[in-house]
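In what follows, a structure is listed as C-alpha cells, so that the remarks can point back to it.
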Amino acid sequence: MEETLGFADLLRLMDERSTAFQAAVVAAPSLDVRVPTCPEWTLFDLVQHLGDGRRKWAAIVAAGPADAPPAMSAPVAPREREALLAWFAASTEELLAALREAGPDRGCWTWWGPSQSPQTTGAVARHQLQQVAVHTYDAQVAVGAPQPLPDEVALDGVDEFVTTCVATTAAWPHKPAVVDYHATEGRSWRLWFSADGARAARLPTPVAYDGPEVVHVSVRGTANELVMFCYGRITMDALRLEGDVRVLDQLIAWEPED
C-alpha cells in the first residue's frame with residue numbers, strides 16, 4: 001500500500017501549485033472576474049484569501065505547540081495586479097520557509113484535533129497543499145482554463161480529506177453507514193459512520209468485496225474527481241455511484257460539532 005507524500009514532496013508541490021495559481025491570475029482579463037466555484041468572490045478575493053491563509057499558517061507553524069493560533073495582523077493585499085502577485089509570492093514563501101525551518105514533526109495548533117490527522121507541521125503542509133491546489137483549480141475555472149490536479153496531488157488529496165476533514169469523534173446523527181471511495185488510479189478508501197463518530201482507512205488493492213461488511217454506497221471516479229467532489233466543486237452526478245445515495249446527501253449536509 002502506497003505511503004502518503006513525503007514532506008519534501010509536499011513543499012515542492014505546494015510551490016508548483018502556487019506558480020500555477022499565479023499563472024491563472026496573470027491570464028485573467030481583470031481581477032474583477034468572478035470565480036464560478038466560489039460564487040461570492042472575484043479573482044482578487046481569491047488571491048487575498050489564499051495569501052492571507054499562507055501568512056496565517058506560517059505564523060501558526062512558527063509559534064510551535066499551542067492551544068490557540070497566535071494573534072496576527074497580515075499586511076493588506078494591494079489592488080494592482082503586479083503588486084498583488086508579488087504579495088502572494090511573498091506569502092507563499094513565508095509559509096514554505098516556516099515549514100522548512102520547523103520540519104515535519106514539530107507540534108502546532110490545528111483546527112482538526114478530533115480527526116485522524118496529527119497536530120504537526122507535516123499535517124499542516126499536507127492540508128495547505130490541498131488548499132492551494134483546489135484554489136488553483138478555482139482560478140483556472142475563472143479564466144476558462146481548468147486543469148485536473150496532478151495525480152500525486154489528487155491521490156494524496158482524497159486521503160488527506162477523509163482523514164482530516166471527515167474523520168471526527170462527533171457522533172454521526174443517522175443510522176450507521178459505510179462509504180467506499182474508489183479512484184480509477186487504483187486506490188480506495190472506506191469510511192465508517194456511527195454514534196462514535198467517523199473514521200477512515202485506506203483499503204488494500206484490489207479491494208476484497210466478499211467480506212461480511214455491508215457497504216451502503218460506493219463512489220467511483222478519478223482521484224481528481226473525488227477531490228473536487230469532496231470540496232464541493234462538482235456534484236455526485238459527475239461520479240459513478242452504487243448503493244444508497246441518500247447516505248451521501250447526509251454526509252454533504254453534516255456539520256459535526258465537537
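For the chain, the longest principal axis of the C-alpha atoms and the axis of helix 121-142 are separated by about 80°. For the stretch 127-224, the relative contact order works out to 27 percent when only alpha carbon pairs closer than 8 Å and six or more residues apart are counted. With the dipole of the chain worked out from charges on the C-beta (+1 for Lys and Arg, -1 for Asp and Glu) around the Cα centre, which of Q128, G243, A97 lies farthest toward the positive end? Most positive-ward Cα: A97. Applying 1/(1 + (r/R0)^6) with r as the Cβ-Cβ distance of V76 and W111 and R0 = 35 angstrom yields a FRET efficiency of 0.90.
Electrostatic tally near D249: other residues with Cβ closer than 15 Å to its Cβ, Lys and Arg +1, Asp and Glu -1, net -1. Comparing Cα centroids, the stretch 1-34 and the stretch 210-258 end up 25 angstrom apart.
Per atom type, the chain shows carbon and sulfur on 53% of its accessible surface, probed at 1.4 Å. Each of E40 and A86 was given a label point 7 Å from its Cα along the Cα-to-Cβ line. The distance between the two points is 3.2 nm. Kirkwood-type hydrodynamic radius, the chain: 19.3 Å, calculated from all non-identical alpha-carbon pairs. Across the chain, the mean sequence separation of Cα contacts (distance under 8 Å, 6 or more residues apart), normalised by length, yields a relative contact order of 17 percent. Expressed as an acute angle from 0 to 90° and rounded to the nearest 10, what is the orientation of the C-alpha long axis of helix 151-161 relative to the principal long axis of the chain? Rounded to the nearest ten degrees, it is 70.
Between T235, T136, T164, the Gaussian network model of the chain with springs among Cα atoms under 10 angstrom shows the greatest mean-square fluctuation at T235.
Computed about its Cα centre, the charge dipole of the stretch 155-194 is approximately 260 debye, with only Lys, Arg, Asp and Glu carrying charge at their Cβ.
Estimated from the Cβ-Cβ distance and a Förster radius of 22 angstrom, the FRET efficiency linking T169 and Q250 is about 0.75.
Using Cβ point charges alone (K and R +1, D and E -1), the dipole size of the stretch 147-240 about the Cα centre works out to roughly 260 debye.
The values are calculated or read from the model by the stated rules, or taken from the named source; none is laboratory data. Nothing here was measured: the structure is a model prediction, and the numbers come from that model. Backbone-built Cβ (ideal geometry, glycine too); neighbour counts: all protein chains shown. Note: areas computed on protein heavy atoms with side chains; ligands, DNA, RNA excluded. Shrake-Rupley method; radii C 1.70, N 1.55, O 1.52, S 1.80 Å.
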